[in-house]
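A short write-up of the structure that comes next.
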Amino acid sequence: MPDLPVVVIGAGPQGLAAAAHLVERGVNVLVVEQGPGAGAAVSEWGHVRLFSSWPELIDSASRRLLEQTGWSAPASGYPTGAAWVADYLAPLADALGDRVRLHTTVTGVARQGRDKVVDSGRRGRPFTVHTRDRHGVEDRILARAIIDASGTWGRPNPAGADGHPAVGEASASALISYRVPDDVSSFAGTHVAVVGAGHSATHAVLRLTDLARRVPGTRVTWLLRRGSAARVRGGGGADELPERAALGTRVRRAIDAGVVDVITGFRTSEFRRDPDGLTIVAEDGREVGDIARAFALTGFRPDVEILRELRLDLDASLEAVAGIASEIDPNIHSCGSVAATGARQLAQPENDVFIVGAKSYGRAPTFLALTGFEQVRSVAAHLAGDDESAARNELSLPETGVCGGSGDVDPESAGEGCCSTPSILRIGGTRSTVLDPARSLTLETS
């Protein structure tokens, strides 16, 4: 079994970084990616600029591997997703060569000859990674260990406030998007609604408000589940990620200028198709109508179906790896940075299985690329037998100003915790109170 590869699922930033660390340690590794190229999911939001700067987006072992090819790291600046792929992820995949297998979808992972129920001889069996290529040809890969870095991009949360699609959401899907828009020109002169409070929603609001400034008759409505809008507008002075702080400043200006209507405490229960477009209905009966397009940007959730024949320990509420749930739970951690996590916290009941990256965080929205790089560094060290290095914390995070997440959605709880501010801003075009920019929500979803 030592001759078998460690199979890494996903050729995104964390999957490729895991491979680079394993290669550096002389461990056989194979990365399988369902997309046509490295960073396929990142490419889908290639028009969005990241909050992290270039030095925070490059893994240490990956840098060392790339520099052997003559590659030079960008020294500064904030890349778009497309630039991150073109200038880092694609060259990294090229440097890893035939260790990266594209157009390969993982359909399931198990122990060879053992389903989930069987105890006997389980630990000593290799893993079987069931795959299907783009031509529909099925195969099995034997592996000594599994690193699942497949992310959450493929499973956006629905707009419905109870975690299920709202009534009518599926039938209205032609008028609902779950991605940050790139070209918004087709919405000129129409009414567009954005549902969500994170930075994907903020990006969408800013693109649409820029359009509203240019084209009279364009209306933008921002629907927030929280009872206050205070936590959705950037990190301000407390945020050491300057681009994220700048994002908050821009959206504050849009709200203060009345370019966007913010409606708080709006928990979506229904979408209705009308002759003039969509009407969105809240749990309390409020309605927002005449909507030409809705953007539901309420975060993502993990898909663990491919791991169903393995023995996992996932948190019941976050669907995150149980060993890190207490460190990332937005219901508990209202301010400050999320702690580093490594192989010990990520370990599963199924030996030598690790879920890393955004997927390890489940539904928690506080994931940063640097956190994932530290995860895979530690996991690779463990798999190489260097438990001393695996136990070490080599992560230094900026102060992110991250404050309470989706758990704080009700008016009666909006004032709790260290991030609380008064109820907010422009509701139906009427200005109320002023945001304290040092105490607002900052979540990196890109």
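The values are calculated or read from the model by the stated rules, or taken from the named source; none is laboratory data. Computed from a predicted structure; not experimentally measured. In this analysis, Cβ positions are derived from the backbone assuming ideal geometry, glycine residues included, and neighbour counts consider all displayed protein chains. Accessible surface is based on the protein model in full, side chains and every heavy atom, while ligands, DNA and RNA are left aside. Shrake-Rupley method; radii C 1.70, N 1.55, O 1.52, S 1.80 Å.
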Inset, instruction - Measure off 7 Å from each Cα along the Cα-to-Cβ vector at residue 60 and residue 167, then give the distance between these two points in nanometres to one decimal. - result: 5.5 nm
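Any chance you could tell me what percent of the C-alpha pair distances in the stretch 252-386 go past 26 Å?
Details: 4052 of 9045 pairs.
When all Cα pairs of the stretch 252-386 are counted, 45 percent exceed 26 Å.
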Inset, instruction - Give me the percent of the accessible area of the stretch 36-193 that comes from carbon and sulfur atoms, probe 1.4 Å, all protein chains in place. - result: 48 percent
Legend entry - Spin-label pair residue 72/residue 119, simplified geometry with 7 Å Cα→Cβ offset, distance in nm: 6.1 nm
Legend entry - Normalised alpha carbon radius of gyration of the stretch 1-154 [divisor 2.2 N^0.38 Å]: 1.11
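Given the convex hull over the Cα atoms of the stretch 8-82, what projected area results after averaging over all orientations, in nm²?
With every direction weighted equally, the projected area is 5.2 nm².
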Legend entry - At q = 0.23 Å⁻¹, base-10 log of I(q)/I(0) for the stretch 41-92 (Debye sum, equal scatterers on each alpha carbon): -0.84
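Above 16 Å lies some portion of the pair distances; for the stretch 101-141, what is it as a whole percent of all C-alpha pairs?
Tail fraction, whole percent: 40.
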Legend entry - the stretch 110-176: C-alpha pair distances exceeding 18 Å, %: 63 percent
Legend entry - Residue-normalised accessible area of the stretch 1-126, given per residue in Å² at a 1.4 Å probe: 41 Å²
Legend entry - Coarse-grained scattering of the stretch 102-234 at q = 0.18, 0.19 Å⁻¹, given as base-10 log I(q)/I(0) from a Debye sum over alpha-carbon atoms: -1.02, -1.08
Legend entry - Alpha-carbon radius of gyration plus Dmax, which is the widest Cα pair, for the stretch 280-321 in Å: 17.4, 48
